[in-house]
Amino acid sequence: MKLLKNIIPGMIIIIIIALLCTQLQNNKEHFTHTTKFNNLYEASHTPYPLQNFVYLDTYVSISQDGGESTGQVINSASGIAVRGSRGKVYAMTAGHWCSVDPAQYIPTFSILKLLYPNFQVDMQRRVAFYGNFYPVEEVYSDLENDVCVVTFRTPYAHKVKTIKPARRYPDIGEKIYAVSAPLGIYSHEMRLIFDGYFGGCKEDSIYCFYTIAGVEGSSGSGVLNRRGELVSILDVSVVNFHEVTGGARLEAITEMYDEYVR
């Protein structure tokens with residue numbers, strides 16, 4: 001009994017030391033990660049806060065118990081984080097990405113399961129932010145105006161610079177900015193920054209137009225004015241002339257923001 005009493009305090013001390021070492025290692029990794037992406041994104045030479053860009057995709061993974069997994073991106077979009085609060089991020093993107101029905105991929109799933117009968121096949125909507133991927137949690141869509149708000153949770157939510165809708169449209173010819181992942185071209189350590197000019201809004205249309213390049217994958221890009229205010233979400237490009245893109249009107253952006261960004 002005396003031996004047991006002598007061993008227990010020693011074991012407790014060893015456990016505490018092990019926990020402290022683990023925590024120190026976690027803190028070191030977190031600090032290294034944060035410092036790396038601070039240096040990449042926050043020394044910005046544009047009104048667009050680069051850390052606020054988000055890449056979104058739908059990812060199909062194939063895995064086997066106890067083995068490695070592989071996967072494939074089946075669609076992608078761009079987006080912009082507009083608010084971070086208590087570990088939760090609110091981001092805006094194109095409504096047509098949010099509205100994709102997972103049921104349309106059932107034939108693809110069926111083929112994969114036939115090819116890999118002993119594997120688990122899963123599909124996930126993901127958001128890339130501050131060097132990591134996170135699952136999309138909530139989705140709010142305005143399909144008529146092709147605008148969507150999504151949420152996700154991350155320990156880096158505090159890194160989001162709050163972006164609000166502009167109070168007025170830019171003047172025609174005023175410079176505007178966007179960050180996109182055209183054709184799904186994306187890396188955690190890269191930002192494709194575009195600038196152009198506001199061309200005005202087409203009469204009897206939901207779209208305003210910009211001389212910003214865009215193609216598949218650019219949908220959902222946040223358009224900011226020189227004051228860093230949100231003026232649109234890109235969702236359409238002109239066929240055979242991708243240097244002109246269209247996006248939702250400011251009224252639709254403001255309505256979605258006021259209703260769903262809390």
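Descriptive notes on the structure:
- Peptide ranges 77-83, 218-224 listed from the most packed, as the mean C-beta count within 10 angstrom indicates: 218-224, 77-83
- Less than 5 angstrom separates the built amide H of Asn75 from those of Thr58, all sequence-distant by 5 or more or on a different chain.
- If the segment from Ser61 to Arg86 were pulled out straight at 0.36 nm per residue, it would be longer than the present Cα-Cα gap by 6.0 nm.
- In summary, the aspartates and glutamates within cross-link reach of Lys113, defined as a Cα separation below 16 angstrom excluding same-chain residues under 8 places away, comprise Asp65, Asp122.
- The fraction of all Cα pairs in segment 175-260 landing in successive 10 Å bins from 0 to the largest distance is 18, 52, 27, 3, 0, given as whole percents.
- Three principal axis lengths of segment 50-159 [C-alpha, angstrom, descending]: 42, 35, 20
- Once the chain from Ile74 to Thr35 is taken as fully extended at 0.36 nm per residue, the excess over their C-alpha distance is 10.9 nm.
- By average C-beta atoms within 10 angstrom, highest first, the peptides 114-125, 184-195: 184-195, 114-125
- Across segment 46-55, coupling constants 3J(HN,Hα) worked out from phi with the 6.51/-1.76/1.60 Karplus curve, θ = phi - 60°, read 9, x, 7, x, 4, 5, 7, 5, 10, 9 Hz, and Gly and Pro carry x.
- Over 27 Å between alpha carbons, listed pairs Lys161/Lys202; Lys175/Lys202; Lys88/Lys202; Lys88/Lys164; Lys88/Lys175: Lys161/Lys202; Lys88/Lys202; Lys88/Lys175
- Here the contact order of segment 50-159, divided by its residue count and restricted to Cα pairs under 8 Å and six or more residues apart, works out to 33 percent.
- For the pair Met190 and Met123, label points projected 7 Å from Cα toward Cβ lie 2.7 nm apart.
- Applying 1/(1 + (r/R0)^6) with r as the Cβ-Cβ distance of Val244 and Lys164 and R0 = 25 angstrom yields a FRET efficiency of 0.40.
Just so you know, all these numbers are worked out from the coordinates, no wet-lab data involved. Computed from a predicted structure; not experimentally measured. So basically every Cβ, Gly included, is an ideal-geometry build from the backbone, and we count neighbours across all protein chains shown.
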